[in-house]
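The values are calculated or read from the model by the stated rules, or taken from the named source; none is laboratory data. All values reported here derive from a predicted model rather than from experimental measurement. All Cβ positions, even for glycine, are placed from backbone atoms using ideal geometry, and neighbour counts span all protein chains on display. SASA here: full protein model, heavy atoms, side chains in, ligands and nucleic acids out. Shrake-Rupley method; radii C 1.70, N 1.55, O 1.52, S 1.80 Å.
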Amino acid sequence: MRAFVVVGLVAASASLGCTNKKQPPVEAHSPLADSADQVMYPARFNLTDQGLQRAHVDADTAYFFDDNNRMELQGVHATFFTVTGAKDAVLTSRHGTTNTRTNNMIARKDVVVVSEDGRRLTTPELIYNQQKNEISSDSAFVMTEPNRRLEGIGFRSDPNMKYIQILSGAKGVAKGVSTGPLTPAPSATASPPRASSSTPARPVPTKR
């Protein structure tokens, strides 16, 4: 009934010769389309390593350049897999670039990675290295999970984010216990702080 009323009102307005008609929205034209070798929408492809599928990528639009060796993507949705084929994590971003020779990918703008066991990472830009099965960034990031939060500037990690190395400015909150800014060594792996137990921590003996 509501749909019939709306249609009737539109028809009545048209019959009265209304001149204030709103034009339908026009989709923005991407400048990439003018110089691309090929345009595909939607685009779906796999990132493999020696025959093993490590990621599956869906994109709203893909623009091919450099003899189809580079793809510029819009509306990226990538699923990562373990060596056994199990789903590992999902990445989404507004834009991305994929090198079809190396199968490496750069995700840009509103990048979000969500692991299968509940970790969630956000950052403005992220690099996926298919050979190393590694995600990394030099930008600020925030990683959250049910009982803790970790943030810093720059990181290296597996796609599932079980092992994460923070490059600088690490700080976090775990089960209500907050830490101040940390400065881990570049070669050290920084882990989110753990809540203290009921037993006070023992002092660490110093060598004399």
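What the table below lists for this structure:
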| quantity | calculated |
| --- | --- |
| Inter-site label distance for Asp60 and Thr84 at 7 Å from Cα along Cβ, in nm | 3.7 nm |
| Per-pair calculated FRET efficiency, R0 = 25 Å: Ser139 and Lys162 via Cβ, rounded to 0.05 | 0.75 |
| Flagged links, alpha-carbon separation over 27 Å, of Lys109/Lys175; Lys109/Lys171; Lys87/Lys109 | Lys109/Lys175 |
| Under-5 Å amide H pairs with Val111, H placed in peptide plane, nonlocal only | Thr123 |
| Distance histogram for the stretch 50-188 (every C-alpha pair counted, 5 angstrom bins, percent rounded to whole numbers) | 2, 10, 19, 22, 19, 13, 8, 4, 2, 1, 0 |
| Interchain or long-range residues, amide H under 5 Å from Gly75's placed H | Asp60, His95 |
| Surface per residue (accessible, 1.4 Å probe) for the stretch 86-159, Å² | 45 Å² |
| Gain upon complete extension [Gln38, Asn69; 0.36 nm per residue less C-alpha separation] | 10.0 nm |
| Linear extension gain, Arg101 paired with Gln50, 0.36 nm per residue minus alpha-carbon span | 17.1 nm |
| Integer Hz, Karplus 6.51/-1.76/1.60 couplings in order for the stretch 109-121, x for Gly and Pro | 6, 6, 7, 10, 10, 10, 7, 5, 9, x, 7, 9, 10 |
